[in-house]
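Structure first, then comments.
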Amino acid sequence: MNPPPSRYPSHPFAADFVWGVATSAFQIEGAATADGKGESIWDRFCRQPGAIADGSHGDVACDHYHRLEADLDLIADLGVDAYRFSVSWPRVQPAGQGAFNEAGLAFYGRLIDGLAARGIKPYLTLNHWDLPQALQDQGGWARRDTVHRFVDYARHVAARLGDRVAAITTHNEPWVMAVLGHESGLFAPGIRHRGTAMQVAHHLLLSHGLALRALRADACPARLGIVLNLSPIGPATDSPEDAAAARLEDGRCVRWYMDPLFRGQYPADVWQHLGADVPLVHEGDMAAIATPMDFLGINYYTRGVVSASGTWSAQHGGKPLTDMGWEIVPEGLTELLLRLHREWRPPALYVMENGAAFQDTLEHTPEGPRVHDADRVDYIARHIGALDDAVAQGVPVAGYMVWSLMDNFEWASGYAKRFGIVHTDYATLARTPKDSYLWYRGFLRLQAQRRAQAAQAQVPVP
Ligand code: IFM
């Protein structure tokens with residue numbers, strides 16, 4: 001299927017705008033113990049009864065580790081400029097400190113070289129949640145020493161791979177690791193303690209800043225940043241109580257990360273609200289966290305609606321939902337990008353993840369297997385339109401990546417939630433490009449044509 005071009009956003013994007021697709025190591029690689037890989041906190045967490053909705057784990061996942069070449073071809077056929085992936089820390093440094101695992105590093109070397117050979121820019125994430133379990137056994141991200149272990153790991157990976165990637169991001173979604181991992185306990189390592197969560201968040205931010213300083217001192221040529229999951233968060237009603245609740249939730253989810261990264265301070269209202277749960281901050285920490293970045297990455301999926309009687313209200317104002325139960329609010333992306341630009345002025349912004357889970361059906365037709373995921377096509381098209389609206393209003397957005405290349409392990413939801421633009425058959429591990437893949441490919445071809453036309457128009461007539 002090739003949807004009509006009228007479905008594509010009409011404005012041309014800048015010639016150097018980066019279009020991509022994203023994944024993360026634990027969600028697709030599998031090969032949980034292959035070639036010397038160490039255990040991660042997610043390997044361990046999946047073994048806890050009831051932790052994962054369908055009782056699954058990441059041992060095989062999409063088996064990307066053993067299907068690298070075919071998956072690289074899928075990425076290349078899509079026509080993207082960039083591929084965002086993460087390095088599994090326990091694959092390259094099994095104990096999280098000490099010896100590095102050459103076989104693990106070699107895998108990422110092959111991945112990066114394979115992308116380069118296909119003309120695709122690698123965007124590398126150092127930490128997409130899979131902390132080595134050996135470090136968790138010593139206290140994990142709640143322990144200050146883990147900050148220094150991360151900096152060592154970052155320096156080693158950057159020294160080995162940093163000259164072959166376009167960008168390195170330190171952490172993916174520190175809020176998720178801190179709050180879902182250590183306050184609600186829904187994600188690994190499954191801790192339920194707010195004070196611990198706030199200390200974890202501080203250590204993640206600190207390790208980001210110290211890693212940036214170290215990589216710059218090592219003359220790492222890649223552009224450096226972090227990726228936050230952010231949403232516009234508003235009140236459920238006009239009541240002052242709901243407004244106050246929404247402001248606080250915005251403080252905990254957005255300002256708690258943006259203020260230290262761009263202003264070197266935590267928001268005073270949230271600090272006061274936390275009482276005894278505030279993190280221990282050493283002298284110099286805040287300046288380190290605010291080390292200037294080359295870009296800020298954001299992941300956008302939905303908005304937040306908050307009421308005083310219970311945060312993240314269930315009232316959805318009639319908006320359609322994805323299979324995650326998340327409201328579909330493309331205009332929220334425009335609003336968010338405008339606010340980030342207005343309030344914190346990041347030097348450049350990338351939408352590092354955007355996409356949706358829907359119940360897809362794999363159909364066996366005479367032409368072969370097909371997945372008609374019109375909902376996902378619509379979701380992506382409307383969000384690219386919303387991004388376009390922000391760009392038109394002057395926000396310096398430099399790139400956009402669809403989450404995700406293929407259906408994969410969706411954390412505590414297991415394999416039941418499908419975010420891929422490529423369908424994964426978990427029985428056979430066959431990949432089938434969905435209509436959304438074909439749509440995105442068509443969109444990217446149109447962008448490439450426009451770029452070529454623009455370049456031609458600039459060539460002086462002899
Ligand atoms: O699958 C996740 C990803 O790992 C981080 N961002 C949100 C996605 C969808 O839940």
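In plain terms, the residue of 384, 41 with the fewest other Cβ atoms within 10 Å comes first and the most crowded comes last, giving 384, 41. Here, region 190-255 has an Rg and a Dmax of 17.0, 52 Å when only alpha carbons are counted. Think of region 348-462 as a dipole: +1 on every Lys or Arg Cβ, -1 on every Asp or Glu Cβ, centred on the Cα centre; then among 453, 387, 399, 453 lies furthest on the positive end. Eigen-decomposition of the gyration tensor built on the alpha-carbon atoms of region 337-437 gives equivalent ellipsoid semi-axes of 32, 15, 10 angstrom, largest listed first. Taking every DSSP beta bridge that has both ends in the chain, the antiparallel portion is near 20%. Using equal-weight Cα scatterers in the Debye expression, the normalised intensity of region 283-400 in log10 at q = 0.11, 0.13, 0.17, 0.22 Å⁻¹ is -0.51, -0.67, -0.95, -1.20. Values of log10 I(q)/I(0) for the chain across q = 0.06, 0.09 Å⁻¹ run -0.24, -0.57, by the Debye formula with one identical scatterer at each alpha carbon and no solvent. Along its three principal directions, the equivalent ellipsoid of region 211-307 from the Cα gyration tensor extends over semi-axes of 30, 18, 8 Å, largest first.
Roughly how far apart, in whole Å, are the Cα centres of region 194-222 and region 255-287? Cα centres, region 194-222 to region 255-287: 14 Å. Computed on the Cα trace of region 139-209, the radius of gyration divided by the Kirkwood hydrodynamic radius gives Rg/Rh = 1.04.
Other residues lying with their Cβ under 9 Å from the Cβ of residue 108 contribute a combined charge of +3, Lys and Arg counting +1, Asp and Glu -1.
Across region 410-462 the C-alpha pair distances fall into 10 Å bins from zero in the proportions 21, 28, 21, 16, 10, 4, 0 percent. Counting only the Cα atoms, region 10-116 fills a convex hull of 140 Å³ per residue.
Across region 63-187 the C-alpha pair distances fall into 10 Å bins from zero in the proportions 12, 41, 32, 14, 1 percent. For the pair region 384-462 and region 32-77, the centres of their Cα atoms are 23 angstrom apart. With neighbours defined as other Cβ atoms within 10 Å of a residue's Cβ, the residues 241, 39 order from fewest to most as 241, 39. Listing 322, 125 from fewest to most neighbouring C-beta atoms within 10 Å gives 322, 125.
Every number here is computed from the coordinates shown, using simple stated rules; none is lab data. All figures in this text were calculated on a predicted structure; none of them were measured in a lab. So basically every Cβ, Gly included, is an ideal-geometry build from the backbone, and we count neighbours across all protein chains shown.
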